[in-house]
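Peer 1: Right, I'll just put the structure down here and ask away after.
The values are calculated or read from the model by the stated rules, or taken from the named source; none is laboratory data. Since this is a predicted model, take the numbers as computed values, not measurements. Neighbour counts are summed over all protein chains in view; Cβ atoms, including those assigned to glycine, are modelled from backbone coordinates with ideal geometry. We work out accessible area using only protein heavy atoms, side chains counted, and drop any ligands, DNA or RNA first. Shrake-Rupley method; radii C 1.70, N 1.55, O 1.52, S 1.80 Å.
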Amino acid sequence: MASSTNFTLPSNLAPNEASPEWMNKGDNAWQLTAATLVGIQSVPGLVILYGSIVKKKWAVNSAFMALYAFAAVLVCWVLWGYRMSFGDEGIKVIGKPSLAVDEAYMLKKAFLGSFPNATMMFFQFVFAAITLILIAGALLGRMNFYAWMIFVPVWLTCSYTITAYSIWSVNGWLALRGVIDYSGGYVIHLASGVAGFTAAYWVGPRHSKDRERFPPNNILLMLAGAGLLWMGWTGFNGGDPYVVSIDASLAVINTHVCTATSLLTWLLLDIIFFGKPSVIGATQGMITGLVCITPAAGVVQGWAAIIMGMLSGSIPWYTMMILHKQIWFLKQVDDTMAVFHTHGVASTLGGLLTGLFAEPKLCRLFYQVDNWEHYTGLFYGFQTGRSKAGAKQLGLQLLGVVFVIVVNVVITSIICVLISFVVPLRLSDDELAEGDNAVHGEEAYALWGDGEKFENSKLSAYGVDEGPKGQGEVQMV
C-alpha cells in the first residue's frame, strides 16, 4: 500500500506574493545582471571611449551625447517605446504605443522567460539605449546638441521600434518567418551602422581642420572604455536566451572567442600592411568581432565562431582601409567613428554567416519551439539533405538585412530633414572651431596641447584624412 508524504519547499524557494510560482529566481537574477552588464557598456563604457578617442576639444560633447541618449531613451522606453517594440500588435511592423509604468503591468510575467515585465523592460531598454549611442559615433564633432536632443526620442519611436518589433517580438513578421538574430546583429548593429551613416550624410562634415587631423586625446582611457565594452558583451549575448541555460554559456564563450580572433586578425593585417601593431586598429578588430558574432552567438559551433572572427577581422578591415578610399560616395560622408564599417558591414557579415553556420540542434536549445528544424544554416542543410531549408534560411537572413537597411535609410532621412526645419543639424563654423567650450561652456582638460605629436606618429593612418581639404577617410572606431 503506497503511503503519501507531504513535501514542503524550503522558505527561500516557496512561492509567495513577492515570488510567484511562474518566476524563476535564478533566471530573474541573471537577467538583471546581464542587463546591468549591457548598461555598463554604455555608461560608462562608451561614454569613456567616445570622450577619449576624439580630439581634445570634443571630449565633453562626445561623452555627453552618449550620456544624454542613455537617459532620454529610458524615459521614452517606459512611457511608450517598450510596448511599441514588444506589446500588442498595432500594425504589421509595430506594436501599440502604451504606458508601461503601472505596477500591475510591470509585475506580470513577461512575454518570454520566467521573470516579470519590469526585468524584461530593463533588459530591452539597455539594448535600445546602446543603439542610439552607437549612432552618435557617426556624428561626433559637429552635430548640434539641440538637434541630437530631438533626434534621440524621435528615432527611437519611429525607427528602432519597427525593427525591434519585426525581428524580436513574438508577433513580428520577420520573427514568424524565421529570421535568426540572436542578440541584435540586425536590430542594434546593422540599424545603428546604417542610421549613423545616413544621419552623417544629412548633418554634414566636421570642420575641415578636424577632418584633416582628429587625434585621440587619451588612448589609455580609450582602452578602458573598450574593455568595458568587451566584457559587457557577456551580458549582451549571454542574456538573450532569457534563461540560465547551456545555450547562454555557449553564447558567452563563442562571443569572446570570435572577438579575440577578430582582434588578432585585424592586428596582423595592420602589421603586414602598415608595419606597426596599432592599438586603435586592434580596438577596431575587437568591435567588429563582437558585432559579427552577435546574431549567431548561441546557435553556431565554436569552430564557426573562430571562422567568423577571422572574417570579421579582415573583411571590415578591407572595406575600411582599402575600399573606403576608392569609393567616391563613402569618402563624401564624414562618419566620424566609422560605424558604417564596424557595425554596418560587420553585422551584415554576421547575419549572412548565421545563415550558413546555424546549427539546428543549437537553435532548438535557443528557441525551445517544436518546429526548430526550420532554423537550419545552409551548410547543415547540405549535411542533412535539407539544402532547400538551408537556402531558405540564408534567404531570410538576406531579407532581414534588406529590411533593416531600407527602414533606416528612409526613416532616418525623414527625421533629419524634419529636424532641420526646427534647428540646424550642424553647429556653426565658429562653434566647430572652438568645440566643447562653445557648445557646453566646459572643457575636458585644463592642459595645453591638442595631440600635436600624434599627427607625426606611425599610427596617424587612423587619424588623418588623405586628399586635399580633408576629403574623406575613415577616422577611428
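Peer 1: Which helices (runs of 4 or more DSSP H) does segment 318-378 wholly contain that include 1 or more residues that are under 21 Å from CYS258 (Cα atoms)?
Peer 2: 346-357, 360-367
Peer 1: Against the definition (farther than 28 Å from ALA251 by Cβ and open to solvent by less than 50 Å² (accessible area, probe 1.4 Å)), how does ALA66 come out, yes or no?
Peer 2: no
Peer 1: Surrounded by fewer than 24 Cβ atoms within 10 Å (Cβ to Cβ), modelled with pLDDT of 95 or more and not in a helix (DSSP H, G or I) - does that describe any residue in segment 280-300?
Peer 2: no
Peer 1: For residues in segment 327-381 being polar (S, T, N, Q) and over 19 Å from THR198 (Cα atoms), which is most open to solvent (accessible area, probe 1.4 Å)?
Peer 2: Taking segment 327-381 first, the residues polar (S, T, N, Q) are 332, 336, 342, 347-348, 354, 368, 371, 376.
With over 19 Å from THR198 (Cα atoms) added as a condition, the list becomes 354, 368, 371, 376.
Values: THR354: 0, GLN368: 136, ASN371: 89, THR376: 0 Å².
This residue is GLN368.
Peer 1: Another question, if that's okay. Among the candidates ALA433, ALA389, which residue alone is more than 25 Å from the chain's Cα centre (by Cα) and either closer than 30 Å to GLY137 by Cα or outside any helix (DSSP H, G or I) (or both)?
Peer 2: ALA433
Peer 1: Another question, if that's okay. Go through ALA147, ALA164, ALA138, ALA175 for me and flag whichever is under 18 Å from the mean Cα position of the chain (by Cα) and either open to solvent by 10 Å² or more (accessible area, probe 1.4 Å) or within 18 Å of ALA66 (Cβ to Cβ) (or both).
Peer 2: The conditions single out ALA138.
Peer 1: Test of understanding: among LEU32, LEU37, which residue is more than 13 Å from THR119 (Cβ to Cβ), assigned to a helix (DSSP H, G or I) and not small (Gly, Ala, Ser)?
Peer 2: After applying the criteria, what remains is LEU37.
Peer 1: Suppose we filter segment 204-249 for residues that are among the small types (Gly, Ala, Ser) and farther than 23 Å from ILE180 by Cβ; how many remain?
Peer 2: Number of matching residues: 6.
Peer 1: Related question: Sort out which residues of segment 93-103 are in a loop (DSSP other than H, G, I, E, B) and open to solvent by 50 Å² or more (accessible area, probe 1.4 Å), and write them in order of number.
Peer 2: Result: LYS96, PRO97, LEU99, VAL101, ASP102.
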